[in-house]
Amino acid sequence: MKHINIVSQDIDKAKQLSTEMGTLRNSITKGQGNIHGFLGEIITSKFLSSSLNNTYDYDIVHNNLKIDVKTKRVTTPPQEHYECSVAALNTKQACDMYVFTRVLTDMTKGWILGWLNKEDYFKAALFLKKGHIDPSNNWKVLTDCYNLPINMLNDIEELL
């Protein structure tokens, strides 16, 4: 897990990208998480020294791998047992792997949690139905999704 101090230039870029994109159809947060999502992509692309692509299917191309970055907006630093999620609506994205990040709501800090290739993620993840309670943390599921604990991800340093 890699801790990142977020700089103002990255916040400005994330705000610009969020404004350009607008609210996506089926957005769980109705667009409120866009800036944090873009910050996750920005800190990951900078860490990997790769550029953003921002397609529906993936966000970054690194070493010929199409990476989709999944970000959660949070109020506390992550712990190894916290979970990473992929909404069931996003399972058809044409990416090779996922990188998971978390960004504080105040946008001062972020964490690149790790990565997993897409196929392995769905083999290992737990499917949760909207409205059900996640037994690992008593969270009421907002949309059908696949969850996996952070400690099951590969170290982000392996991608360098």
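The values are calculated or read from the model by the stated rules, or taken from the named source; none is laboratory data. No experiment lies behind these values; they were computed from the predicted model shown. Ideal geometry is used to build each Cβ from the backbone, glycine not excepted, and the neighbour counts take in all protein chains shown. Keep in mind that these areas ignore ligands, DNA and RNA; they rest on the heavy atoms of the full protein, side chains included. Shrake-Rupley method; radii C 1.70, N 1.55, O 1.52, S 1.80 Å.
Of the set (1) assigned to a helix (DSSP H, G or I); (2) open to solvent by 20 Å² or more (accessible area, probe 1.4 Å); (3) more than 18 Å from LEU153 (Cβ to Cβ), all apply to PHE47 but (3). Screening ILE28 against (1) open to solvent by less than 40 Å² (accessible area, probe 1.4 Å); (2) at pLDDT below 85; (3) more than 23 Å from GLU80 (Cα to Cα) leaves a single unmet condition, (1).
Here LEU65 does not qualify as within 17 Å of HIS36 (Cα to Cα) and open to solvent by 50 Å² or more (accessible area, probe 1.4 Å).
Restricting to region 68-97, name every residue that is assigned to a strand (DSSP E or B) and open to solvent by 70 Å² or more (accessible area, probe 1.4 Å). Steps first, please.
Within region 68-97, the subset assigned to a strand (DSSP E or B) is 68-74, 83-87, 97.
Matches in region 68-97: ARG73 only.
For the criterion of being over 11 Å from the mean Cα position of the chain (by Cα) and open to solvent by less than 20 Å² (accessible area, probe 1.4 Å), ILE60 passes. Assessment of region 114-127 against the conditions (touching a helix residue (DSSP H, G or I) at 6+ places or on another chain (Cβ under 8 Å) and touching a residue at least 40 places away in the same chain (Cβ under 8 Å)) yields at least one matching residue. Is at least one residue of region 116-123 modelled with pLDDT of 95 or more and in a strand (DSSP E or B)? Yes, because at least one residue in region 116-123 is modelled with pLDDT of 95 or more and in a strand (DSSP E or B).
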